[in-house]
Amino acid sequence: MATAATDKLPNLKSAVAGLNQISENEKNGFINLVSRYLSGEAQHVEWSQIQTPTDKVVVPYDTLAPTPDDPSEIKNLLDKLVVLKLNGGLGTTMGCTGPKSVIEVRDGLTFLDLIVIQIENLNSKYGSKVPLLLMNSFNTHDDTQKIVEKYANSNVEIHTFNQSQYPRLVADDFLPFPCKGQTGKDGWYPPGHGDVFPSLSNSGKLDALLSQGKEYVFVANSDNLGAIVDLKILHHLIQNKNEYCMEVTPKTLADVKGGTLISYEGRVQLLEIAQVPDQHVNEFKSIEKFKIFNTNNLWVNLNAIKRLVQDNSLKMEIIPNPKEVEGVKVLQLETAAGAAIRFFDNAIGINVPRSRFLPVKATSDLLLVQSDLYTLQDGFVIRNQARANPENPSIELGPEFKKVSSFLSRFKSIPSIVELDSLKVAGDVSFGANVTLKGKVTITAKPGAKLEIPNGAVTENKDINGPEDL
């Protein structure tokens, strides 16, 4: 690999130097990333050295000190905080155009509406001025700029900045795709959310926030409805001077591929499935040995970010992401924000309740959050106490439900699912109003046939293959 590096880098450097669409910071960041990749620098984990973190390293949420009672103390805490949402993703996988954060989640409100309402309520209640930062990608920037205008009268200051824009590499000759005639957006990519730290600095936002006395940033995915400001966590981090905190939560069988925290060579570290030797993959997936996974809710000290970015110390594991664009094989090199944990001093995990991880990645998740399993209060999506099972029902919807518009057209109203264990739907199925689903339900429309669940139907532990089974 090293000999290949000496051949490829000079040509790449001169090609990148001529890309006028991006800044010098972006050019340097990109060349650094590619150099690290070509040098074969990979972080191999010595399996026998992995240790399970103690409660000092991954702190149980219920052992955190209570939040101060005095509202002025809470205001002091909040005055040190910034909320940052990762807003670079498009809604394409759910059949929507534009940023994913503008998909309507519930009661006509989008992800972004809910985020703004939550921070508005916090600021109103305590007289604080917690700002909201949105890290966009070049894919979402223009749309987001227009969308945030509707919050102009809000008590939340909203700032947007762009993450880096890097050129895709043509796999054959390792030259930038834009130099090979791909002049449109397809020639570029945003290099993963690990880029949040240099981008925050390059945009000038980091210095501006530090000058306002801000100390911590709470980073989360914009589609995680559970990622709300938690005063107990903020209080703990300030008291204990932790530079970095990753929220983790107990794994279920649905989360076996999620990264986990380990103690390794005296530091806390994120272990991702891609780093696991083949012979240990099943062990990594086991809920018994690796019990927690990364929610990507991260709390990070702003001064520490400044120090590490300036020192060029954030050398997170590189995730190679090969793609094919218009018949050309290209490579994207990306990094993840959670992998930065090992570079920060006094870094910890906090083992939080599952309620802080409620991502909406597909319409099956949308069904959960739009149903009676949840209610909406002050912008917070709150789970219905009437459900006895701590886990959510597992929901599998066929491709007919993949797009949000198709999904909505197939429900006259969202069924009641408080007592549902699992639902599997295949084929051309639609639901009437006020349907109740309980236990284990499978609904399969025969090929070429429509199947409608009638208004008011109560279906419990049933396998429905046609109208005769209703």
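Observations, loosely collected:
- Amide H contacts for Leu175 (H built 1.01 Å from N in the peptide plane; partners 5 or more residues away or on another chain; cut-off under 5 Å): Val170.
- The value given for segment 324-364 is a Kirkwood hydrodynamic radius of 14.8 Å, derived from the mean inverse Cα-Cα separation.
- Segment 257-342, accessible area per residue, ligands and nucleic acids excluded (1.4 Å, Å²): 45
- Accessible area of the chain belonging to carbon and sulfur atoms, whole % at 1.4 Å probe: 49
- Segment 56-73 - phi-based ³J(HN,Hα) in whole Hz, Karplus 6.51/-1.76/1.60, Gly and Pro as x: 6, 8, 10, 7, x, 4, 6, 9, 5, 5, x, 5, x, 7, 6, x, 5, 5
- In segment 8-68, trypsin sites (Lys or Arg not before Pro) in a DSSP loop with at most 12 other beta-carbon atoms within 10 Å: Lys56
- Per-residue HN-Hα couplings for segment 250-263 [Karplus 6.51, -1.76, 1.60; θ = phi - 60°; Hz; x = Gly/Pro]: x, 5, 10, 4, 6, 10, 5, 8, x, x, 10, 9, 10, 9
- FRET E, pair Arg354, Gln21, Förster distance 45 Å, beta-carbon r, rounded to 0.05: 0.60
- Mean sequence separation of contacting Cα pairs (under 8 Å, at least six apart), scaled by the length of segment 1-153, corresponds to a relative contact order of 21 percent.
- Highest mean packing first, where packing is the average number of other Cβ atoms within 10 Å per residue, the peptides 58-71, 310-323 line up as 310-323, 58-71.
- Pairs from the list Lys257/Lys424; Lys205/Lys241; Lys329/Lys361 with a Cα-Cα gap above 24 Å: Lys329/Lys361.
- Expressed per residue, the C-alpha convex hull volume of the chain stands at 170 Å³.
- Between Ser409, Trp188, Gly427, the Cα set farthest toward the positive side of the dipole of the chain (charges on each charged residue's Cβ, about the Cα centre) is that of Trp188.
- In degrees, nearest ten, helix 24-38 long axis to first principal axis of the chain (Cα): 90
- Of every Cα-Cα pair in segment 343-470, the percent that sits beyond 24 Å: 32
- The chain, helix-only ellipticity at 222 nm - DSSP H runs n ≥ 4, -39,500 (n - 2.57), divided by all residues, nearest 500: -7000 deg cm²/dmol
- Computed over segment 74-181, Cα set: Rg, Dmax in Å: 17.4, 58
- Taking all protein chains into account, the per residue accessible area for segment 361-470 stands at 51 Å² (1.4 Å probe).
- Above 22 Å, the calculated P(r) of segment 131-217 contains 41 percent of its Cα-Cα pairs.
The values are calculated or read from the model by the stated rules, or taken from the named source; none is laboratory data. Not measured: the values here are computed from a predicted model. Every residue, glycine among them, receives a Cβ derived from its backbone with ideal geometry; neighbour counts consider all protein chains shown. In case anyone asks, the SASA skips ligands and DNA or RNA and just uses the protein heavy atoms, side chains included. Shrake-Rupley method; radii C 1.70, N 1.55, O 1.52, S 1.80 Å.
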